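Only one structure is covered here, and it is reproduced in the block below.
Values in this text are rule-based calculations from the coordinates and carry no lab data. Bear in mind that the values here come from a model prediction, so they are computed numbers and not experimental data. Every residue, glycine among them, receives a Cβ derived from its backbone with ideal geometry; neighbour counts consider all protein chains shown.
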Amino acid sequence: MRLGMAFAATSLAVFMTTASPAFAQKAGGTLHISHRENPPSASIHEEATISVVSTFMAAFNNLVVFDPKEKTNSPDHIIGDLADSWSWDASKTKLTFKLHPGVKWHDGKPFTAKDVKCTFDAVDGADAKSDLVRKSPRKIWYQNVKDITVNGDLEVTFELKRPQSSLLSMLASGYSPIYACHANGREMRTKPIGTGPFKVTEFKRNEVIKLVKNKDYFKKGKPYLDAIEWKIVPNRSTRMLGFQSGQFDMTFDSDVSFPMLKDVMDQKKDAVCEARATAVSSNILINRDAPPFNNPEIRRAMVDTIDVKAFSQILSQGHDLDGAAMLPPPAGKWGMPKEMLATLPGHAADVEKSRAEARKIMEKLGYSASNPLKIKIATRNIAIYRDPAVILIDQLKKVYIEGDLEPIDSSVWYNKIAKKDYQLGMNLTGVAVDDPDVNFYENYYSTSERNYTGYNNPEVDKLIDQQSAETDVDKRKKLVWEIEKKLAEDVARPTIGYNVANTCWDPKVKGVNLQVNSIYNGWRFEDYWLDK
Amino acid sequence: MGAYLIRRLLLMALTLFGMSVLIFVMLRLVPGDIADILTNASGISDAKEKAKIAHELGIDQPILVQYGKWIGGLAHGDLGYAYVSEQPALDEILPRIPISAKLAGMALFFAVLFGLPLGVISAVRQNTRLDYLLRVVSLSGLSLPSFWLGLLVLMASVQWFGMIPIYDADRTGFWASVSMLGLPAMTVGFRSSALIMRLTRSSMLEVLRQDYIRTARSKGASIVAVNFKHALRNALLPVVTVIGIEAAFLVGGLIVTETVFNIPGVARFLVEAILWRDYPIVQNLVMLIAVVVVTINFLVDMAYMALDPRIKFAD
């Protein structure tokens, strides 16, 4: 409710900002933002973190993009970026883009349709010899692409194996920039060239990332800022103090937790702060191939003890959102309604009743308070992972499961999970685009690299393919809810909650529009300006 | 003498060789390598992609080959490329050394500047209110963790000056360094100054009870002359030894201070390189530290010989 009001208030503010002639954009100035860490590289296609996409998206363009002026990422809000127009053929398996003429890369070379083909052939592995990317975490997004054909310099066609309307949404994500054919992977990781509104001039680890205005940008009059300077400040308290003292114009995205918000607002009374769902969920990884969780009854008892409200209360003062596999409404476009959610295991309103049933299951299996089931709960040795894991341990005690925390070094976390060397794991999952294809194919499809638990249900795979090919939104939504229900009943990867956090900026920063159903797609910065 | 020198140089070479093997092997004993970390950072654990990265970086080669390449490169001044930034390791390491050196130097300077005179005052005014106050200050210096003190200093800085000292490589010159590194140096030097203060105090108290001090007083020497000329000079010997040891310990404090004050120095860089298993950075940096320590030890031994003719080294 509070979040809903915040969204409504922000929408009104955005409307007033854009509608009033008093807010004519001013050009010039440097936007100073704090950055939480050293991005692993500058190559967006190779990475899967907001630390990379928020920083470097401004150096690139996509074919299409989610309208930066809209609050919600949705297929209805997709506008052209490098593409002036696009069209599907009658069979809905060919998507043709007409490209904007006269676009140049930051090094002055012309952008052509070949660059589009190069990029996605490298990303989906079609061109094995390409060294444009050396790893590709979102390969599965393009598994339905049969071929990409170039028709002259300004037209490119994506040919699909079957209809898939979500392709356009995936191409609109911040994670789908177009790379230059003539660049190599190393360049893209260290000092990338793009066609975007800003050029990367400096990427100094532990220090600073500088981007300066691209004076030859093909969108005339943009960007308004002269430069963006990201200062890398790993210590969050230092970042907050830097913002409070005016040395940063904006905090890193979602950096301000609710307990911190009051302090920030007290110290900087004119700060504009906005809460939004980060599309990052806490979820439980279950090793269903080994005892004890190869037993569906124990899986069920485990999930029945979960009290999502308690998690939310402790972790975010009650702001986190309760949802199943998809981000719940109103922020999410596809998540199931509350009433339906309450019928799923792990989301019951009466937790005590669920726990009583779970205890009966455990007693039937021979467990009790004096003879609990002893397990280990692995998680990455980072506070945002450990905190929910500790709460889970406490809640499991209520159903005779005694968990020991096993903090794992980040460097070997996914190796351990891939080797199935765990019983339960506490995990965080960010979803780049609020679209069922992105989430289901990445996290639940049997052949996905990021389906960490190896969950394999042919029926669910079939349903995922079915919803993906469905072009009618309402019918697709029903299929999506059916999948969410099956995943919850199968205890595939129980979702504990969707994180909500705040981003703050100085009132002189204008043109900010934080989108409410993904933190990954709105960082072009071409509409930002400073009212100095 | 000549034979001794040769033996010392050989011993130095042997020590450095041992260090190089130790660093090299220990780094590889830590679970996970850069290929694991890079793929983990992308949320994947794909064996093929990992193998591709490992091959590209040469970490799939036998360990002896890797060691040979490193040492061979080192002998030619080629430190290789950092795995994460993909820049020459030398270009990554060199610019950071002066930053940490300046910070450590200033910290030591502050530590001595405050520690010594306050220690003397505390001893001379033994059991007065001032002495009690200074003892409390020195005790807090020893017991406050530097990350917490750093945060307090930053908060006070925001409150009083409306800003925090954020490092900016574009600002150069003496005053720029003082304004950017002064507060962090005081924070990291506070612990050392407290130690120096306490040691100076106890050392001074011991000396002030000596007969020759009483003699100096009875001869009518001024208080300043007694305290600073006669007493302090003799009390300084153990303090100087501790200052030397503290200089080495400062590196540990720098890691925390560089993180809290966001200074892109070599200490924070080393810790991060270890976390990323960035072998070329860690190996070369630790090796550099080893070379510096071994060389200083050698020079100190040589200096002993030059300064004190009673010290003889057997050939």
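Just a few scattered comments:
- Once the Cβ-Cβ distance of A:L405 and A:E159 is raised to the sixth power relative to R0 = 56 Å, the FRET efficiency obtained is 0.70.
- Evaluated at q = 0.12, 0.17 Å⁻¹, a Debye calculation over the C-alpha positions of the stretch A:278-499 (equal weights, vacuum) places log10 I(q)/I(0) at -0.60, -1.26.
- In terms of surrounding Cβ atoms within a 10 Å radius of their Cβ, A:L341, B:L116 rank from fewest to most as B:L116, A:L341.
- Using alpha-carbon coordinates, inclination of helix A:383-397 to the longest axis of chain A, degrees: 20
- Gain in span if fully extended, A:K338 to A:A126, counting 0.36 nm per residue against the direct Cα distance: 72.1 nm
- Spacing of the two label points (7 Å from each Cα toward its C-beta) at B:T215 and B:Y132, in nm: 3.7
- Rg over Rh, two decimals, the stretch A:231-275 (C-alpha only, Kirkwood Rh): 0.90
- Dipole magnitude for the stretch A:365-444: about 440 debye, using +1 per Lys or Arg Cβ and -1 per Asp or Glu Cβ, origin at the Cα centre.
- Straight-line cross-link reach from A:K532 at under 17 Å between alpha-carbon atoms covers these lysines, not counting any fewer than eight positions away in the same chain: A:K26, A:K508, A:K510.
- For chain A, a crude dipole built from +1 on the beta carbon of Lys and Arg and -1 on the beta carbon of Asp and Glu, taken about the Cα centre, is about 600 debye to the nearest 20.
- Computed from Cα atoms, the angle from the helix B:279-307 axis to the main principal axis of chain B rounds to 40 degrees.
- Evaluated at q = 0.07, 0.09 Å⁻¹, the base-10 log of the normalised Debye intensity for chain B, with identical point scatterers placed on the Cα atoms, takes the values -0.42, -0.66.
- Think of the protein assembly as shown as a dipole: +1 on every Lys or Arg Cβ, -1 on every Asp or Glu Cβ, centred on the Cα centre; then among B:Y167, A:T251, A:A83, B:Y167 lies furthest on the positive end.
- Considering only A:T343, A:W481, A:P291, and ranking their Cα positions along the charge dipole of the stretch A:278-499 that arises from unit charges at the beta-carbon of Lys, Arg, Asp and Glu, the one farthest toward the positive end is A:P291.
- The mean sequence distance of close C-alpha pairs (under 8 Å, at least 6 residues apart), as a share of the length of the stretch A:353-434, puts its relative contact order at 37 percent.
- Using a cutoff of 8 angstrom between alpha carbon atoms and counting only pairs six or more residues apart, the relative contact order for the stretch A:104-246 works out to 20 percent.
- Antiparallel bridge percentage (DSSP; both residues within the protein assembly as shown; nearest 5): 75
- Mean separation of Cα contacts under 8 Å, 6 or more apart, over the residue count of chain B: relative contact order %: 28
- Estimated from the Cβ-Cβ distance and a Förster radius of 51 angstrom, the FRET efficiency linking A:K419 and A:V272 is about 0.65.
- Förster radius 25 Å - calculated FRET efficiency between B:S202 and B:S222, Cβ distance, rounded to 0.05: 0.55
- In Å, descending, principal axis extents of the Cα set of the protein assembly as shown: 110, 71, 65
- Dividing the summed -39500 (n - 2.57) terms of all DSSP H runs of n ≥ 4 by the residue count of chain B sets its mean residue ellipticity at 222 nm at -25500 deg cm²/dmol.
- Of A:K353/A:K397; A:K135/A:K416; A:K199/A:K222; A:K397/A:K486; A:K114/A:K210, those spanning more than 22 Å from alpha-carbon to alpha-carbon: A:K397/A:K486; A:K114/A:K210
- Once the Cα atoms are used to define both axes, helix A:458-469 deviates from the longest principal axis of chain A by about 30 degrees.
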